[in-house]
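The values are calculated or read from the model by the stated rules, or taken from the named source; none is laboratory data. From a predicted model like this one, the values you see are computed outputs, not experimental measurements. Neighbour counts run over all protein chains shown; Cβ positions are idealised from the backbone, glycine included.
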Amino acid sequence: MRQSQLFTKTQKEAPADEVSRNAELLIRAGFINKEMAGVYSYLPLGLRVIKNIEQIIREEMNAIGGQEMKTSILQNKEIWEKSGRWSDDMVDNWFKSKLKNGGDVGLSWTNEEAHANILKQYISSYKDLPIYSYDIKDIFRNETRSKSGILRGREFYWKALYSFSKDEAEHNVFYEKSKEAYKNVFKRVGIGHITYLTFASGGTFAKFSHEFQTLTGAGEDIIYIDEDTNIAINKEVYTDEVIESLGLNKNSLVEKKAIEVGNIFSLGTKYSAPFDLKYTDEKGEDKLVIMGSYGIGLGRLMGTVVETLSDDKGIIWPESIAPFKVHIVMLGEDEEVSKSAESLYSDLVGKGIEVLFDDRKGMTAGEKFADADLLGMPYRVVVSTRSLKDGGYEIKKRTEEKGKVVSFEELAKEF
């Protein structure tokens, strides 16, 4: 991508009504555009980040047996009435509408009923199980207040996987696999070192559910961490009984603010029962399917990365999800510099390296460097009269204060 052809431009100031760091930086850098409170469009750079996060999640879900599908956004009222979750008394954040030819529809706000209703057509025998279906789609929630940028929105991009198992034992095996898959996701996107498996309320069907909480001052949750075991407890279940049941010492737990970036739940038969989702076991007896739910908000995850990995200059993208790995910055309009920068751009792209090329003219070095820091690509490579005189190109990681001049061969080896 040539920066001169990128229609987005950086801004010195974010909208006055944005108070969260993730929204401020992402809007200023041209990754997202605010449409209204809780609703953001992803611009070219932002979409590249989301797609990279999506692919990491897809790979980890597929690795534990997930089968990707895509459920509809328009949801049938009759399906949700079976579970009781169509009623506003039960769920108060539906976006609902009416069809012109009659009938009510809702915009999908979660997927348990949708998956259970579809899978009922394909599950009849124990031989059909287990099944792990998931989709990655837009979700809509009519929140009274929406804040914190893309950490909490009325429209957001979400991955939800649902497990369908024969019994608790089979369910528990997959549940443990999902924990490891989630840890892999957060490690790969660059926040594994500050993300904790956190015990939370399990509702009706399990003693605990599990959240994945990332430490940040922008967090909405309070968790208590045992730093020796890397186990955390959500404030909602922080009792002496729970602490003792987990074998932890209350005096060693540290209170921190965090944001939930993922969650996994055991659902039991809560959603299989309303749909009469049963299978016939080896003895010919009918049994209800055991379900589990596993969710990650992709936009929230992207926002959390920005909240936790940025500095006073801008965003610091991990290589795994950065929109481009390398940001070539051409300084000056000297013919030799221009030819060298163009050649470097072509050579790196030819080697399959994703490059953003700042070929813009009429800008100072300070303006270009400020933009590069704000955009946050992992590597900045400067081509200038000085660098060429010193023998090549100045390469600097986004996390480093100073760069070094290297030859093309050394640069290619670096990448």
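Within region 314-358, being among the hydroxyl-bearing types (Ser, Thr, Tyr), surrounded by fewer than 18 Cβ atoms within 10 Å (Cβ to Cβ) and without any contact (Cβ under 8 Å) to a residue 60 or more places away in the chain holds for Ser338, Ser343, Ser346.
Over 22 Å from Leu277 (Cα atoms), surrounded by 21 or more Cβ atoms within 10 Å (Cβ to Cβ), modelled with pLDDT under 95 and of a type in the set (A, V, I, L, M) - does that describe any residue in region 150-166? Checked region 150-166: at least one residue is over 22 Å from Leu277 (Cα atoms), surrounded by 21 or more Cβ atoms within 10 Å (Cβ to Cβ), modelled with pLDDT under 95 and of a type in the set (A, V, I, L, M). Number of residues in region 240-268 that are of a type in the set (Val, Ile, Thr), without any contact (Cβ under 8 Å) to a residue 60 or more places away in the chain and surrounded by 12 or more Cβ atoms within 10 Å (Cβ to Cβ) equals 2.
All of (1) surrounded by 19 or more Cβ atoms within 10 Å (Cβ to Cβ); (2) out of contact with any Phe, Trp or Tyr (no Cβ under 9 Å at 6 or more places or on another chain); (3) farther than 30 Å from Gly314 by Cβ; (4) of a type outside the set (Lys, Arg) hold for Met90 with one exception: (1). Filtered by the rule that a residue be among the aliphatic types (A, V, I, L, M) and either without any contact (Cβ under 8 Å) to a residue 40 or more places away in the chain or surrounded by 20 or more Cβ atoms within 10 Å (Cβ to Cβ) (or both), region 7-35 gives Ala14, Ala16, Ala23, Leu25, Leu26, Ile27, Ala29, Ile32.
Annotation note: of Ser146, Ser178, the sole residue that is small (Gly, Ala, Ser), within 22 Å of Gly299 (Cβ to Cβ) and at pLDDT 95 or above is Ser178.
Determine, yes or no, whether Thr71 is over 21 Å from Trp317 (Cβ atoms) and β-branched (Val, Ile, Thr). So Thr71 fits the description; yes. Checked against the criterion of being at pLDDT 95 or above, under 24 Å from Asn52 (Cβ atoms), of a type in the set (A, V, I, L, M) and part of a helix (DSSP H, G or I), the candidates Val173, Val185 yield just one match: Val185. The residue pairs whose first member lies in region 133-156 and is within 24 Å of Gly66 (Cβ to Cβ), whose second member is aliphatic (A, V, I, L, M) and assigned to a loop (DSSP other than H, G, I, E, B), and whose beta carbons are closer than 8 Å, counting only pairs six or more residues apart or on different chains, are Lys137/Ile73; Asp138/Ile73; Phe140/Ile73.
Of the strands (runs of 3 or more DSSP E) contained entirely in region 252-317, those carrying at least 2 residues that are within 26 Å of Ser146 (Cα to Cα) and of a type in the set (D, E, K, R) fall at 253-268. Answer yes or no as to whether Thr198 is surrounded by 23 or more Cβ atoms within 10 Å (Cβ to Cβ) and assigned by TED's automatic domain parsing to the domain that holds Ile290. Taking the combined requirement at face value, the residue satisfies it. Where strands (runs of 3 or more DSSP E) fall entirely within region 1-108, those with at least 3 residues that are assigned by TED's automatic domain parsing to the domain that holds Asp138 and modelled with pLDDT under 95 are at 32-36.
All conditions in (1) within 16 Å of the chain's Cα centre (by Cα); (2) modelled with pLDDT of 95 or more; (3) over 21 Å from Lys159 (Cα atoms); (4) not acidic (Asp, Glu) hold for Thr216, with the sole exception of (2).
You will find that of Gly376, Gly350, Gly403, Gly392, the residue that is more than 18 Å from Lys325 (Cα to Cα) and not assigned by TED's automatic domain parsing to the domain that holds Leu25 is Gly392 and no other.
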